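Here the structure is laid out as structure tokens; the discussion comes afterwards.
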Amino acid sequence: MAKAKATAFFCKECGYESAKWMGQCPACREWNSFVEAPAAAKAAPGRAVIQGPAAVFASAAEPKGLDAIDGDPEERMSTGFKELDGVLGGGLVPASLLLVGGDPGIGKSTLLLQVCRNMAMQGHHILYISGEESLRQIKLRAGRMGHFEGDLRFLSETNLDVITEVLKKYKPEVVIIDSIQTMFRDDVGSAPGSVGQVRESTNVLMQLAKGLGITIFIVGHVTKEGTVAGPRMLEHMVDTVLYFEGERNASYRILRGVKNRFGSTNEIGVFEMGEHGLEEVANPSEHMLNGRPEEASGSVVTCAMEGSRPILLEVQALVCRTNFGMPRRTAAGTDYNRVNLLMAVLEKRLGMRLSECDAYLNIAGGMRISEPSLDLGIVMALVSSYQDSPISGKTLVFGEVGLSGEVRGVGMADQRINEAVKLGFDTCILPRSNRSAGKNREGIRLIGVSNIQEAIEALF
């Protein structure tokens, strides 16, 4: 009898398994994504990894109709952060598996340690497991955050078999795994952090969460491309994926929900890194506009939607004649290619000689926005700097710009206008197709435009 091969090749993007290396994955069509890892051991028939409500054997499996399924919504648990609860759709769902990704040093461990403190003070049983820090190091970091009380325990361990036994013994309500790249199982012969170990570790944690009714947070480090290190299928296995974004040198942090089986996606929470940890920013629009210059050219306020949340942002542009043969262009906080496209529209449709100019664009506050409604704000900031004509600080601009210079309508115009009224703006330049959203709105003058020429005439 032939001996089974000890290793196999796995696609990092989708998890497809192959006996040999291939240049292109036949499942997801990604190139150069195969890595060699130990083949998964075949489990004995009828054997479950854990025993619990979710460990159902084939002999006992019984399909049910929708009418026979208990549809009562489960009570969610508050994390103690309204911003985080909003991203999750109202709080933590019991027996769920959540992935928190972000750059090293951005504040992932700090955020989760504060969540542990908040939930322990509410009377929940919490277990924090670290594979990167000793218990002494955790205590030193916790000492900077203030007082801890309640049923909060810590464990420094990387062996998943040991962790499994601890979870079965203590049965905590919430568990933090920091990080998934440090976890390993003895029966998987590869190093911690490899594709095989991360895949198997996540699978075990998923079964523990569903089988024991435990809510588990797992921390995942990201690559230089901004994706979680390890197989791409890691994000498919978990219930919720949260990304913690921001510049390490800046104080603001953005928690973004990119996947949520129990709520809406693309919701964000805004935090500020302080001396004693992370603090919530209840009104991010007000904070983003603090320090905005008055009567300065190249500055305009626009509104972006993050999920169902409107956020006012300042778009800054600086356009000046180049001293070199090749004009220099930079874009911070938005898509570089989109800025080049909008500059080409201005040159073609309005005759502005931007090809002879350097152009620098920045979204103040450290946020990264890719929404099309930002287009009109970018265009007006470029025109303002090019003409050296300031735009009133009480004017809001939003809308999508097409290649013909037309201004197209955007979604949720009513929420954007409401946010502007709340912060004291008196004028709003918006697409003509969105003009009806606030036709009877008091306290603000709405100017609908159909192209960028009309927008320029309304502002300058």
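Bear in mind that the values in this text are calculations on the coordinates, not laboratory data. Because the structure is a prediction, the values reported are computed rather than measured. Positions of Cβ are generated from backbone atoms using ideal geometry, with glycine treated the same way; all protein chains shown enter the neighbour counts.
Could you work out how far helix 375-387 tilts from the main Cα principal axis of the chain, as a 0 to 90 degree angle to the nearest 10?
40
At PHE262 and SER355, where each label point lies 7 Å from the Cα along Cα→Cβ, what is the point-to-point distance in nanometres?
5.6
State the answer as a single residue: which of ASN260, ALA344, THR302 lies farthest towards the positive end of the charge dipole of region 254-397, with beta carbon charges of +1 for Lys and Arg and -1 for Asp and Glu, about the Cα centre.
Working it through, the farthest residue towards the positive pole turns out to be ALA344.
Can you give me the C-alpha center-to-center distance between region 103-117 and region 398-413, rounded to a whole angstrom?
Using only Cα atoms to place each centre, the spacing works out to 38 Å.
With 10 angstrom as the radius, rank PHE184, PHE217 by how many other C-beta atoms surround their C-beta, starting from the fewest.
Details: PHE184 23, PHE217 26.
The fewest-first ordering by Cβ neighbours comes to PHE184, PHE217.
Count neighbours as other Cβ atoms within 10 Å of each site's Cβ, and list the GluC sites (Glu not before Pro) in region 247-310 that are DSSP loop with at most 16 such neighbours. Please report the intermediate quantities before stating the final value.
Numbers: sites: GLU247, GLU267, GLU272, GLU275, GLU279, GLU280, GLU286, GLU294, GLU295, GLU306; in loops: GLU247, GLU267, GLU275, GLU294, GLU295.
Counting only loop positions with at most 16 other Cβ atoms within 10 Å, the GluC sites (Glu not before Pro) in region 247-310 are GLU247, GLU275, GLU294, GLU295.
Order by neighbour count: ASP239, ASP187, fewest other Cβ atoms within 10 Å first, most last. Intermediate values should be presented prior to the final figure.
Numbers: ASP239 19, ASP187 11.
Exposure proxy ranking, most exposed first: ASP187, ASP239.
Mind putting together the pair-distance distribution for region 103-235? All Cα pairs, 10 Å bins, whole percent per bin, short to long.
12, 43, 35, 9, 0
In a solvent-free Debye calculation with one equal scatterer on each Cα, what is log10 I(q)/I(0) for region 389-460 at q = 0.18, 0.19, 0.28 Å⁻¹, listed in the order of the q values?
-0.64, -0.71, -1.36
Sort TYR360, TYR386, TYR336 so that the residue with the fewest other Cβ atoms within 10 Å of its own Cβ comes first and the one with the most comes last. Walk me through the intermediate numbers first.
Working: TYR360 17, TYR386 22, TYR336 12.
Starting with the residue having the fewest Cβ neighbours, the order is TYR336, TYR360, TYR386.
On full extension of the chain, what length is gained from GLU275 through MET121, given 0.36 nm per residue of separation minus the C-alpha to C-alpha distance?
Details: separation 154, 0.36 × 154 = 55.44 nm, distance 2.11 nm.
Extra length available between GLU275 and MET121 comes to 53.3 nm.
Label-point separation (nm) for LYS422 and TRP21, each offset 7 Å from Cα along Cα-to-Cβ?
5.5
Taking square-rooted eigenvalues a ≥ b ≥ c of the alpha carbon gyration tensor, is region 141-192 rounded, prolate or oblate, where a/c under 1.5 means rounded and, failing that, a/b exceeding b/c means prolate?
Details: a/c = 3.68, a/b = 1.68, b/c = 2.19.
Oblate shape, in that a/c is at least 1.5 and b/c is the bigger or equal ratio.
Of the options GLY101, SER373, LEU430, report the single residue whose Cα projects farthest towards the positive end of the charge dipole of the chain (beta-carbon charges: Lys, Arg +1; Asp, Glu -1).
Positive-most Cα among the choices belongs to GLY101.
Give, in nm to one decimal, the length gained when the segment between VAL162 and ALA191 is fully stretched (0.36 nm per residue of separation minus the Cα-Cα distance). If you can, show how the numbers build up before the last one.
On the way: separation 29, 0.36 × 29 = 10.44 nm, distance 1.72 nm.
In short, 8.7 nm is gained.
So which cysteines of the chain have no other cysteine's Cβ under 4.7 Å from theirs?
So far as the 4.7 Å Cβ criterion goes, CYS116, CYS303, CYS320, CYS357, CYS428 stand without a partner in the chain.
Kindly list the residues of region 94-127 that lie in the label zone of ARG144, defined by a backbone N under 12 Å from the point 7 Å along the Cα-to-C-beta vector.
Under 12 Å, as judged by backbone N against the label point of ARG144, lie 105-111 of region 94-127.
How much length, in nm to one decimal, is gained on full extension between ASP388 and GLU454, taken as 0.36 nm per residue of separation minus their Cα-Cα distance?
Taking 0.36 nm per residue and subtracting the Cα distance, the gain is 21.9 nm.
Quick one: which residues, 5+ away or cross-chain, put their amide H under 5 Å from the amide H of VAL300? H built at 1.01 Å from N.
Placed amide hydrogens put VAL315 under 5 Å from VAL300.
List the trypsin sites (Lys or Arg not before Pro) within region 308-385 that fall in a DSSP loop (any state other than H, G, I, E or B) and whose Cβ has at most 10 other Cβ atoms within 10 Å. Intermediate values should be presented prior to the final figure.
Numbers: sites: ARG321, ARG328, ARG329, ARG338, LYS348, ARG349, ARG353, ARG368; in loops: ARG328, ARG353, ARG368.
Listed in order of number, the matching sites are ARG353.
Could you run the Debye sum over the Cα atoms of region 228-323, one equal point scatterer each and no solvent, and tell me log10 of I(q)/I(0) at q = 0.19, 0.20, 0.21, 0.24 Å⁻¹, two decimals?
-1.04, -1.09, -1.14, -1.28
Using only Cα atoms and rounding to the nearest 10 degrees, what angle (0 to 90) does helix 160-170 make with the longest principal axis of the chain?
The angle comes out at about 80 degrees.
Under a Cβ-only charge scheme (Lys and Arg +1, Asp and Glu -1), can you give me the dipole magnitude of the chain about the Cα centre, in debye to the nearest 20?
Numbers: 49 positive and 55 negative charges, 171 e Å.
My answer is approximately 820 debye.
Within 14 Å, Cβ to Cβ, of LEU212, how many net charges do the neighbouring residues add up to if Lys/Arg are +1 and Asp/Glu are -1?
On the way: positive: LYS168, LYS169, LYS171, LYS210; negative: GLU165, GLU173.
Combined, the nearby Lys, Arg, Asp and Glu give +2.
Can you give the local net charge around GLY123? Use residues other than it whose beta-carbon is closer than 11 angstrom to its beta-carbon, Lys and Arg +1, Asp and Glu -1. Kindly include the intermediate steps, with their values, before the conclusion.
Working: positive: none; negative: GLU149, ASP151, GLU173.
Cβ neighbours under 11 Å give a net charge of -3.
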